[in-house]
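*Asks:* The structure that follows is given in the form of structure tokens.
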Amino acid sequence: MNAKGGYWGKIAWINLTSKKVSYVEIDEEFEKTWIGGAGLGTKLLWDHYPAWADPLGPRNLLIFATGPYQAAPIAGAGRCTAVFISPLTMHYAESIAGGHIGPILKQAGVDAVVLAGKASKPVYVYVEEGKAEIRDASAYWGMDAVEVVDAIKKDVGGRRLTITAIGQAGENLVRYAAIVNDKHGVFGRCGGGAVMGSKNVKALVANGTMTPPLADRDGLLKYYREDLLPRINKAEFTKINAELGQVAAVVPREENGLLPIKNFGGDEWEEGAKLIGTPRFNEVLKPKRWACEYCVMGCHRKITTEGYPQETGGPEYETAAMIGSNLLIDDLKAVVVANDLCNRYGIDTIELGGVLGWAFESYEKGYLTKEDTDGIELKWGSGEALIEMTKKIAFRDGIGDLLAEGLRSCVWKYPETKEWAVEAQGMAVPAHDPRAFFSMVIADTLSLRGPSHCHGFSEAQELGVTLPELGYPEPMDRFAIEKKGEIGAVYQDVHEFWNSLVWCFFYFFSNWPFGDTVKVMNLITGWDMSPVEAKLSGERMSNLQQALNLRCGLDPKRDFVVPERLRKPHKKGGAGGKVLPWEYIIEEYYKTREWKDGIPTRKKLIELGLADAAKEIYGY
Ligand code: SF4
């Protein structure tokens, strides 16, 4: 153990090919530089992932990483970061999930688990008391991500057991397969489930019986209980999320133009939004709160109405938007059933909505016919089509085989359809239309892990939740042009720091400002880091991620481009008539980052202590 608190200083490295488990020690300097979670994963991938390796081959690493926050019993710490090279974008990827895996993995005595190589037959990895072992999972292969949790729990037991598993989509290497924790937390984005499936790993199981070290336990708990928690509980956002859940965002976002409608080609959908959003969502489904470990907000939902799926987490905002409004589906039951199927098969609902948006539009325009779809009519608003196509994709049945490859493969097969493939870097744009909040063009297009609202949520600044500690105290007008590229870059760095802690950024909207996320880290670790230094650590991660992306073949001129659909303004609605100045914003982003055409300058890399990245890009 190195640091005074927050870490064990130990990574379990599982070589699946040789069936060997070893333990890598990390020292305090490493911890201070890379923090944990996304930062730790970025550094390990940089050190170990060779150029042009196959993300679905044994050279990829799948890293489940905690940060210092998972050592503390505090709200927002119920998260974990998975880091890998994406089989969808073919470059750096991270995915953050709730549930219980983060804190329990830490309590199992390691800071991270690295899955390397490929097992010759299905296995699962078990961690307890600082030791990991590889176990046979042949009996579980073929189960969905709910069945496997029940089966492993029954076979293994353990009071503090957490099970993170893939379903059939991961086994079938669907390029946007997800990894599901304890039936309701999901590592959704970027295809981590396919990477896990490619390694023949069905599940990561941890039993948490140890108490992680905290540098200033009394100081932390006093500050948390007497200062932070009362503030959190008072926040309007906490109340809305607790009482109504994430789907409460659907109706207001339809009004302000952020909600994706008809594959981002629609302007308004007032009645539909009311049918799938709150209050109807809650009246029909009678959901109960379902929280990640230690969370006081509990934004996940357990549906209780008879006749609806109740075992997995109900749809959240992104899901309701991407497989609801984006496909004009106002049939709440279809959305709930498809969401449950995704949780069971392990499919990213955001990517599913993006891919089906393309398929529905291609069908409408005659590029896909009933013959291509095995007789399924891909009509806007068809809940039946949504459910049937979800099954086809999970099992790569018929056209599901093409759709399982992602949007770029669809466009390679049907080049005339490029205009309505709403993707950047090969990955679908999430449910945050940047034409309504201009700064989001950075997260939606230039996120360094592929389009992502969890990798630079600068919309916060436009909503009035700001970063005074970093010199940005004032809210920004959502349609203003100046400083949008700059704030997009700043939020990416801030978000990378958060994803390294690892922390739920919903609490940023609940009176937990950036400076306090740093303060809590200092109480956990015994450090004295300032907010500016914390942001700098995020900047270091962002730059190394981009260097890794370049190693993997990312071409900023091809990949950091706004999808054609989003270049045209909405005709009406909350963002009607607003033309997204995307080229200007991207240029400003590069300038802020001191990057030339998307490539970090040598000077910047050296400044950040990334001499090896500078050498790889510039040769010296
Ligand atoms: S707010 Fe939601 S996502 Fe965040 S920790 Fe709580 S339940 Fe999990």
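*Asks:* Sort HIS184, HIS455 so the one with the fewest other Cβ atoms within 10 Å of its own Cβ comes first.
*Replies:* HIS184, HIS455
*Asks:* Relative contact order for the range 10-207: what percent, with Cα pairs under 8 Å and sequence separation of 6 or more?
*Replies:* 24
*Asks:* Only loop residues by DSSP count here, and only those with at most 13 other Cβ atoms within 10 Å; note down the GluC sites (Glu not before Pro) in the range 176-270 that meet that.
*Replies:* Those that pass, being in a loop and sparsely packed, number zero.
*Asks:* Between TRP13 and residues 5 or more places away or on another chain, which pairs have amide H atoms under 5 Å apart, with H built 1.01 Å from N, and which residues are they?
*Replies:* SER22, TYR23, VAL24, VAL114
*Asks:* If the chain were replaced by its equivalent ellipsoid, with semi-axes equal to the square roots of 5 times the Cα gyration tensor eigenvalues, what would those be, largest first, whole Å?
*Replies:* One finds semi-axes of 32, 28, 25 Å for the chain.
*Asks:* Which aspartates and glutamates does LYS274 reach when only Cα atoms under 20 Å apart count, and residues fewer than 8 places away in its own chain are ignored?
*Replies:* GLU243, GLU254, GLU255, GLU283, GLU316, GLU318, ASP330, ASP331, ASP433
*Asks:* Counting other beta carbons within 10 Å of each residue's own, what order do CYS410, CYS292 fall into, fewest first?
*Replies:* Fewest to most other Cβ atoms nearby, the residues stand as CYS410, CYS292.
*Asks:* Counting other C-beta atoms within 10 Å, and keeping those with at most 12, which DSSP coil trypsin sites (Lys or Arg not before Pro) do you find in the range 121-189?
*Replies:* Sites meeting the loop and neighbour criteria: ARG159.
*Asks:* In whole percent, what relative contact order does the chain give with Cα contacts below 8 Å and a gap of six or more residues?
*Replies:* 16
*Asks:* So what's the back-of-envelope 222 nm ellipticity for the chain, counting only DSSP H runs of four-plus at -39500 (n - 2.57) apiece and dividing by all residues, rounded to 500?
*Replies:* It comes out at -10500 deg cm²/dmol, rounded to the nearest 500.
*Asks:* At each listed q (0.12 Å⁻¹), what is the log10 of I(q)/I(0) that the Debye formula gives for the range 73-204 modelled as equal alpha-carbon point scatterers?
*Replies:* -0.40
*Asks:* Whole number please: convex hull volume per residue of the Cα set in the range 440-618, in Å³?
*Replies:* Taking only Cα atoms, the range 440-618 has a hull volume of 119 Å³ per residue.
*Asks:* Taking a threshold of 21 Å on the Cα-Cα distance, which of the pairs LYS262/LYS578; LYS288/LYS379; LYS483/LYS535; LYS262/LYS557; LYS302/LYS392; LYS20/LYS202 fall above it?
*Replies:* Pairs exceeding the cut-off: LYS288/LYS379; LYS262/LYS557; LYS302/LYS392.
*Asks:* Where the centre of each part is set by its Cα atoms, how far does the range 373-399 sit from the range 4-34, in angstrom?
*Replies:* If we compute the Cα centre of each part, the gap is 43 Å.
*Asks:* Provide ASP47, ASP150 in ascending order of the number of other Cβ atoms located within 10 Å of each residue's Cβ, fewest first.
*Replies:* The order, fewest Cβ neighbours first, is ASP47, ASP150.
Values in this text are rule-based calculations from the coordinates and carry no lab data. From a predicted model like this one, the values you see are computed outputs, not experimental measurements. Cβ sites come from the backbone with ideal geometry, for glycine too, and all protein chains shown count toward neighbours.
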